[in-house]
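Below: the structure, in structure tokens.
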């Protein structure tokens, strides 16, 4: 089975209750493969969880529990660290921005995730963000459909 690059928004659906969380969990379990994460995923996950607290979308205890679950899954092998050549990823990010942002309307971190997938040679991409889907397709990636 081919590897899939998960953007952070999809990854967090494994650890929080959001629309499509059940579908994402089912998809990951059915693949029977670890989910690759980079330092970008890990930093962005903490930031997103803490932002949920700031916005009143979850309690700090729930965010802390999700962070502990992520760390536990890293130790157990459910999540595995993927190495990124950050200089190359940023170069690819700029190239994607120059070629596609005026059409796809992507933010930098969304573009950086697509760049990371390309750098890693991963051809399948999982996201729930419409603009990121458009960019991933324009970059030649197959966007995974994960629905409930």
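Summary of values
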read-out: Restricting the stretch 27-57 to residues that are in contact (Cβ under 8 Å) with a residue 40 or more places away in the chain and in a helix (DSSP H, G or I), the residue that is surrounded by the fewest Cβ atoms within 10 Å (Cβ to Cβ); value: 39
read-out: Where a residue in the stretch 9-20 is in contact (Cβ under 8 Å) with a residue 12 or more places away in the chain and on the phi > 0 side of the Ramachandran plot and its partner, wherever it lies, is in a loop (DSSP other than H, G, I, E, B) and crowded, with 21+ Cβ neighbours inside 10 Å, with Cβ under 8 Å and at least six apart; value: 20/13
read-out: Residue in the stretch 55-65 that is under 26 Å from residue 145 (Cβ atoms) and either under 13 Å from the mean Cα position of the chain (by Cα) or modelled with pLDDT of 95 or more (or both) present; value: no
read-out: Positions within the stretch 133-148 being surrounded by 24 or more Cβ atoms within 10 Å (Cβ to Cβ) and either more than 20 Å from residue 2 (Cα to Cα) or in contact (Cβ under 8 Å) with a residue 24 or more places away in the chain (or both), in sequence order; value: 135
read-out: Hits in the stretch 113-130 (condition: within 20 Å of residue 12 (Cβ to Cβ), free of Cβ contacts under 8 Å to residues at least 60 places away in the same chain and surrounded by fewer than 17 Cβ atoms within 10 Å (Cβ to Cβ)); value: 130
read-out: Total residues in the stretch 82-119, condition outside any helix (DSSP H, G or I) and touching a helix residue (DSSP H, G or I) at 6+ places or on another chain (Cβ under 7 Å); value: 5
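The values are calculated or read from the model by the stated rules, or taken from the named source; none is laboratory data. A quick note: this is a predicted structure, and the numbers were derived from the prediction, not measured. In this analysis, Cβ positions are derived from the backbone assuming ideal geometry, glycine residues included, and neighbour counts consider all displayed protein chains.
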